[in-house]
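Working notes, structure below.
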Amino acid sequence: MKKSLLNSLVLVAMVSLTACGGSGDDEAPKPQEKVYPSYTDMKASGGETTTFDASESGHGFSTPAPNLTADELTLHLEGDLGFETAFTTAPNPAHPELDGLGPVFNNADCNSCHQRDGRNSTPIIPAGKSRVKLGSDAGLFLRISLAPNEPCVTATAANDYCAPIPVPDFGGQLFHRGVLQARPDWQQNQFIGQADVYLSYETKVITYEDGTSVTLKKPLFAVENPYDAPGETKSSSNLTSNLLQDNVLMGWRNGMPVFGLGLLEAIPEADILANVDTHDVDNDGISGRANYVFDAVKAQAGEATPVSLGRFGWKANTPSVRVQSLGALRGDIGITNPLFPEESIAGTALHDSYLTRTGFVDTGSDVNGEPEADAAFSDSVVFYAETLAVPARRNIDDPSVREGARLFEQINCTGCHSPSFVTKASGDLGGAMMSDSHKNQTIYPFTDLLLHDMGDELADGRPDFLADGNEWRTRPLWGIGLTQTVNPQAGFLHDGRAATLEEAILWHGGEAQKSQQDFMALSAEERSQVIDFLMSL
């Protein structure tokens with residue numbers, strides 16, 4: 001008993017000393033050391049293709065990859081000229097190499113949709129107006145297709161590999177601009193394409209727990225005055241236009257930056273597919289699906305199953321830089337080329353009428369019966385898009401940027417924006433013109449290149465190959481902090497609705513809903529740190 005009492009007294013004394021600060025072991029517990037992600041100190045986002053010289057410049061996306069050979073640099077610069085070439089209406093006897101524009105189109109050159117190789121400008125609604133009509137300064141356009149009777153699950157030749165169903169006499173993209181006599185009613189509608197397109201916005205307010213509010217704007221579009229029923233609108237009592245029927249689906253598309261594309265194409269397919277989690281086996285709320293799409297390169301080569309993994313486009317609906325670049329040359333501008341030798345609107349009533357009325361030789365062929373853009377021009381433009389340098393990160397030692405990197409991972413933004421990949425070390429890199437400079441590069445694009453359900457608020461309801469109406473490809477984040485340095489009027493997300501990165505985050509839903517909510521639960525300082533990290537990319 002005495003021993004027990006003595007032990008008790010000793011214990012009380014020790015507790016008392018500890019409470020009074022009299023013990024040598026009375027130091028407060030050290031705060032747990034913060035662990036920062038491996039990408040926190042990364043600066044060379046594009047490996048050896050990174051440029052460190054133009055990061056704060058309005059031309060920060062327009063630098064050739066620094067590890068090109070002399071011959072490759074020459075080809076790149078030729079492609080640069082082609083990228084900025086403004087095409088003209090056919091015929092143009094003085095400059096036949098420039099003619100062939102349209103006859104309906106969205107822009108006359110590549111740069112107008114990808115200003116300074118970045119995003120296009122978001123249209124501004126004039127003061128006192130409720131909407132604006134898209135014109136020559138719009139890099140925004142509408143994809144169109146018919147609603148399928150049922151979802152397409154397996155791509156086969158019988159179902160056109162799940163490709164979007166073209167709208168009869170219109171196709172798969174709405175062209176709001178046209179050459180002078182593009183329409184049968186051209187005297188009343190000069191330089192108008194298939195229809196007039198108007199943009200307006202609706203707004204909503206998001207409020208954080210600390211009382212801070214952010215106003216978000218959602219673009220709305222109205223299509224009016226289609227060429228097959230001039231003057232009609234969706235509110236017309238008797239709709240006759242093929243374009244205005246209820247089964248026609250439409251989705252806004254914003255021009256994307258074009259730097260770093262060759263590196264994305266050089267990522268091994270197996271590494272992309274390793275992140276697929278269709279049934280969310282790891283139970284993190286994020287799935288990630290691959291899109292398999294029609295590949296015009298394989299079709300031209302005569303392959304039995306011309307289907308490839310989709311890597312590019314807002315819905316991963318394009319397999320390669322070549323298909324993306326030459327598809328846009330023909331689709332957005334109306335310039336046929338060796339991969340796409342037929343006009344986008346060939347066989348439609350509009351094109352047939354145009355050829356009959358004008359007598360112009362604008363069937364998509366030049367005077368020698370070849371496509372309007374020859375192989376040399378096409379190859380150089382593709383190579384240019386493949387070999388633009390990735391801008392280096394900035395401010396990586398800033399404590400706010402470092403904290404933002406940690407928080408970015410903490411709220412699981414990396415669940416879709418996978419930080420890094422290593423490109424192929426050998427073999428075919430994908431593009432016919434691809435440079436060896438892309439091989440064996442550790443890159444940090446912050447994308448998994450997969451499809452994710454982003455919720456109803458961002459949905460356009462329009463399927464695209466295996467992508468459904470709610471799914472979008474994870475957007476690469478490298479260079480995103482320079483977006484408005486390159487083009488101050490640029491917006492974010494697929495339709496440019498977000499004027500800031502904060503707005504873009506707040507629009508995230510679906511599989512990204514948890515990360516969006518976790519972002520909203522951060523303090524104002526922490527939210528600012530996440531944005532600072534994104535601005536450093």
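The values are calculated or read from the model by the stated rules, or taken from the named source; none is laboratory data. Note that the coordinates shown come from a computational prediction; the quantities given were computed from them, not determined experimentally. Heads up, the Cβs are rebuilt from the backbone with ideal geometry, glycines too, and the neighbour counts pull from every protein chain shown.
Restricting the stretch 137-165 to residues that are under 29 Å from ASN111 (Cα atoms) and among the β-branched types (Val, Ile, Thr), the residue that is surrounded by the fewest Cβ atoms within 10 Å (Cβ to Cβ) is ILE165. The number of residues in the stretch 127-180 being in contact with a Gly (Cβ under 8 Å, 6 or more places away or on another chain), among the charged types (D, E, K, R) and either assigned to a loop (DSSP other than H, G, I, E, B) or over 20 Å from LEU249 (Cβ atoms) (or both) comes to 1. What residue, among those in the stretch 81-96 that are part of a loop (DSSP other than H, G, I, E, B), free of Cβ contacts under 8 Å to residues at least 24 places away in the same chain and in contact with a strand residue (DSSP E or B) (Cβ under 9 Å, 6 or more places away or on another chain), is surrounded by the most Cβ atoms within 10 Å (Cβ to Cβ)? Ranking the qualifying residues of the stretch 81-96, first place goes to ASN92. Starting from the stretch 269-295, keep only residues that are closer than 21 Å to TYR161 by Cβ, then list their pairs with residues that are surrounded by fewer than 12 Cβ atoms within 10 Å (Cβ to Cβ) and among the β-branched types (Val, Ile, Thr) whose Cβ atoms are within a distance under 7 Å, requiring at least 6 positions of separation or different chains. Every condition considered, the pairs that remain are ARG289/THR278. If the condition is being without any contact (Cβ under 8 Å) to a residue 60 or more places away in the chain, hydroxyl-bearing (Ser, Thr, Tyr) and within 21 Å of GLY82 (Cα to Cα), then the stretch 341-399 contributes SER365, SER378. Total residues in the stretch 417-447 satisfying the condition of being surrounded by 17 or more Cβ atoms within 10 Å (Cβ to Cβ), of a type in the set (A, V, I, L, M, F, W, C) and at pLDDT 95 or above: the figure is 3.
Beta carbons closer than 7 Å, at least 6 apart along the sequence or on distinct chains, pair a first residue in the stretch 46-69 that is crowded, with 23+ Cβ neighbours inside 10 Å with a second that is basic (Lys, Arg) for PHE61/ARG116. Of all positions in the stretch 260-267, none carries a residue that is free of Cβ contacts under 8 Å to residues at least 60 places away in the same chain and outside any loop (DSSP other than H, G, I, E, B).
Scanning the stretch 379-391 for residues that are among the polar types (S, T, N, Q) and surrounded by 24 or more Cβ atoms within 10 Å (Cβ to Cβ) yields one hit, THR387.
Does GLU78 count as touching a Ser or Thr at 6+ places or on another chain (Cβ under 7 Å) and either under 20 Å from LEU355 (Cβ atoms) or assigned to a helix (DSSP H, G or I) (or both)? Spelling it out, GLU78 is indeed touching a Ser or Thr at 6+ places or on another chain (Cβ under 7 Å) and either under 20 Å from LEU355 (Cβ atoms) or assigned to a helix (DSSP H, G or I) (or both). Do the conditions hold for THR215, that is, is it crowded, with 16+ Cβ neighbours inside 10 Å and out of contact with any Leu (no Cβ under 7 Å at 6 or more places or on another chain)? Criteria not met by THR215. Each residue in the stretch 410-422 was checked for being under 14 Å from PRO476 (Cβ atoms) and among the polar types (S, T, N, Q), and 3 of them qualify. In the stretch 269-285, what residues are assigned to a loop (DSSP other than H, G, I, E, B) and under 20 Å from the mean Cα position of the chain (by Cα)? Result: ASN275, VAL276. Residues in the stretch 171-200 that are among the aliphatic types (A, V, I, L, M), within 18 Å of LEU355 (Cβ to Cβ) and in contact with a helix residue (DSSP H, G or I) (Cβ under 8 Å, 6 or more places away or on another chain): ALA182 only. In the stretch 230-256, of all residues being over 28 Å from the mean Cα position of the chain (by Cα) and touching a residue at least 12 places away in the same chain (Cβ under 8 Å), the one that is surrounded by the fewest Cβ atoms within 10 Å (Cβ to Cβ) corresponds to THR240.
Do the conditions hold for GLU471, that is, is it more than 30 Å from LYS424 (Cα to Cα) and charged (D, E, K, R)? Considered against the rule, which asks whether it is more than 30 Å from LYS424 (Cα to Cα) and charged (D, E, K, R), GLU471 comes out as no. The residues listed here are PRO166, PRO151, PRO126; of these, the one that is more than 24 Å from GLY347 (Cα to Cα) and without any contact (Cβ under 8 Å) to a residue 60 or more places away in the chain is PRO126.
Candidates SER200, SER145: the one that is over 23 Å from GLY327 (Cα atoms), modelled with pLDDT of 95 or more, among the small types (Gly, Ala, Ser) and in contact with a strand residue (DSSP E or B) (Cβ under 8 Å, 6 or more places away or on another chain) is SER200. The condition of being of a type in the set (A, V, I, L, M, F, W, C), part of a loop (DSSP other than H, G, I, E, B) and under 24 Å from THR483 (Cβ atoms) holds for ALA108.
Beta carbons closer than 7 Å, at least 6 apart along the sequence or on distinct chains, pair a first residue in the stretch 214-229 that is over 25 Å from ALA504 (Cβ atoms) and at pLDDT 95 or above with a second that is β-branched (Val, Ile, Thr) and surrounded by 19 or more Cβ atoms within 10 Å (Cβ to Cβ) for VAL223/VAL197. On the stretch given as the stretch 492-511, residues that are under 16 Å from TYR208 (Cβ atoms) and touching a Lys or Arg at 6+ places or on another chain (Cβ under 8 Å) total 3. Residue by residue through the stretch 301-356, note down the ones that are farther than 30 Å from PRO91 by Cβ, among the β-branched types (Val, Ile, Thr) and more than 23 Å from the chain's Cα centre (by Cα). Once the filter is applied, which keeps residues that are farther than 30 Å from PRO91 by Cβ, among the β-branched types (Val, Ile, Thr) and more than 23 Å from the chain's Cα centre (by Cα), the stretch 301-356 yields only THR305. Sort out which residues of the stretch 479-511 are over 15 Å from LYS218 (Cα atoms) and under 12 Å from the mean Cα position of the chain (by Cα), and write them in order of number. Hit for the stretch 479-511 is ILE480, nothing else.
Of everything in the stretch 148-182, what is in contact with a strand residue (DSSP E or B) (Cβ under 8 Å, 6 or more places away or on another chain) and charged (D, E, K, R)? Give them in sequence order. If the condition is that a residue be in contact with a strand residue (DSSP E or B) (Cβ under 8 Å, 6 or more places away or on another chain) and charged (D, E, K, R), then ASP160, ARG177 are the ones that fit. Taking the stretch 303-419 as the region of interest, the helices (runs of 4 or more DSSP H) fully inside it that hold 3 or more residues being out of contact with any helix residue (DSSP H, G or I) (no Cβ under 8 Å at 6 or more places or on another chain) and under 18 Å from PHE105 (Cα atoms) are 349-358.
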